[in-house]
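Trainee: Structure incoming, see below.
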Amino acid sequence: MTLKEIAALANVHSSTVSRILNSPDDSFAGREVREKVWKIVRETGYVPNQNARSLRKKSSREAPAGNGLIDCVLGRTKNIGDNPFFSGAARAIAAQAMSLGYSVQVFYSVLEPETRPFAVQSARHLGAVVLGRFENEAVARILESRYKNIVYLGRNSINAAWDQIICDGYTATRTAIEHLISCGHTRIAYIGEKKHEVRYKAYMDMAAHDKLERDSTLIVDCQQNGTDGFQGAERLLKQAKRLPTAIFCATDVTAIAVMSGLLEAGIRVPEQISVIGMDNIDIAGYVSPMLTTVEIPMIEMANVAVQTLISRVKKLHRIPLKITLPCKLIIRRSVADINAGAFEGMYI
């Protein structure tokens, strides 16, 4: 399989394919085109000819093509396209693996047992990168029976003796809520999951230390996706004794859906209720109002995950590593500063 053949299948120019595969931040071309190209790459097992690259660069340090296969296991979603954060991470994993002469061909979810390829794997399957935590502890044992080498990537640590690449959701949540507090908000709602969720723990810890108004009617326990986020906004508006001045959402997907739900209810963001999310997915900067969020460095996490897996395969380290990457506050327009008087309020 060549770049030209991939381009023909994707109905784009070969230079477009090349720039998508080599984009350091997965930003070249539109999302639909990117996903189409990466789907073809995965299905065909394409790996660039590293020897040809070496000749062009007058370097022999690059790995030869076909070093082995890496599986990508979804822990939080059934389909790769359902979650923008993890679908972006998966593309970045494939890109990083390919640049090092490896191929990512198999994507499957622990939520869909019938799709798990638990047949005897070939020697070329080197290991797996697991995207996002999973609730069923038996899953860890199943994965360990299949793979000698596993790297986990997520916002929450997990109880497994694997290498883990983390951007701590607890710290990211505190960063988001502290920004809301700095803008004068103390009546802050939470929309997201509660069970085994460090983001919820961070929210509750801040409430326990009197940084937030404590009110159980401001907490909505729901799945961190668009459908549940929209419904979560409806539930919050119905159950709150007094509406919040701001809402912390556990993911950007949830936050964008919440803003849509508020808009449908006739509530303006941020003039009446502010909203902040987490992840900094592509669309966060294009919705109206543009979403203030805490960036989880998805590209860097994916790159480090692949490098860590290869390090373990090559026995460059033996003990389980836990590598934590920093988050970053991205200030846009979905949070009003009460201190500056840019807030109308919705207290009832």
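Trainee: Filter the range 231-271 for residues that are in contact with a Ser or Thr (Cβ under 6 Å, 6 or more places away or on another chain) and over 14 Å from residue 289 (Cβ atoms) and give the result.
Mentor: Of the residues in the range 231-271, the ones in contact with a Ser or Thr (Cβ under 6 Å, 6 or more places away or on another chain) are 239-241, 246, 252, 269-270.
Within the range 231-271, 239, 240, 241 qualify.
Trainee: So which residues in the range 83-108 are among the small types (Gly, Ala, Ser) and under 23 Å from residue 313 (Cα atoms), if there are any at all? So that I can check it myself, show each step before the final result.
Mentor: So the first thing to find is which residues in the range 83-108 are among the small types (Gly, Ala, Ser), and the list is 87-90, 92, 94-95, 97, 99, 101, 103.
Selection gives 89, 90, 92, 94, 95, 97, 99, 101, 103.
Trainee: Just give me the residues in the range 92-113 being in a helix (DSSP H, G or I) and either under 24 Å from residue 297 (Cα atoms) or in contact with a Gly (Cβ under 7 Å, 6 or more places away or on another chain) (or both), in sequence order.
Mentor: Of the residues in the range 92-113, the ones in a helix (DSSP H, G or I) are 92-99, 113.
Residues satisfying the conditions are 92, 93, 94, 95, 96, 97, 98, 99.
Trainee: Which ranges mark the strands (runs of 3 or more DSSP E) fully within the range 143-217 that have 2 or more residues being crowded, with 17+ Cβ neighbours inside 10 Å and not assigned by TED's automatic domain parsing to the domain that holds residue 271? Step through it out loud before you land on a result.
Mentor: Details: elements: 150-154, 163-166, 188-192.
Strands (runs of 3 or more DSSP E) meeting the threshold: 150-154, 163-166.
Trainee: Which one of these does residue 36 not meet: (1) crowded, with 20+ Cβ neighbours inside 10 Å; (2) at pLDDT 75 or above; (3) of a type outside the set (S, T, N, Q)?
Mentor: Checking residue 36 against (1) crowded, with 20+ Cβ neighbours inside 10 Å; (2) at pLDDT 75 or above; (3) of a type outside the set (S, T, N, Q), the one that fails is (1).
Trainee: May I ask you to say which residue of 239, 272, 224, 231 is surrounded by 24 or more Cβ atoms within 10 Å (Cβ to Cβ) and not aliphatic (A, V, I, L, M)? Don't jump to the end; show me each part of the working.
Mentor: Numbers: 239 fails: surrounded by 24 or more Cβ atoms within 10 Å (Cβ to Cβ); 272 fails: surrounded by 24 or more Cβ atoms within 10 Å (Cβ to Cβ); 231 fails: surrounded by 24 or more Cβ atoms within 10 Å (Cβ to Cβ).
Sole residue among the options that is surrounded by 24 or more Cβ atoms within 10 Å (Cβ to Cβ) and not aliphatic (A, V, I, L, M): 224.
Trainee: Same structure again: What do you reckon, is residue 312 among the basic types (Lys, Arg) and touching a Gly at 6+ places or on another chain (Cβ under 8 Å)?
Mentor: Values: among the basic types (Lys, Arg): yes; touching a Gly at 6+ places or on another chain (Cβ under 8 Å): yes.
Yes: the conditions hold for residue 312.
The values are calculated or read from the model by the stated rules, or taken from the named source; none is laboratory data. Computed from a predicted model, the values in this text were never measured in an experiment. Neighbour counts run over all protein chains shown; Cβ positions are idealised from the backbone, glycine included.
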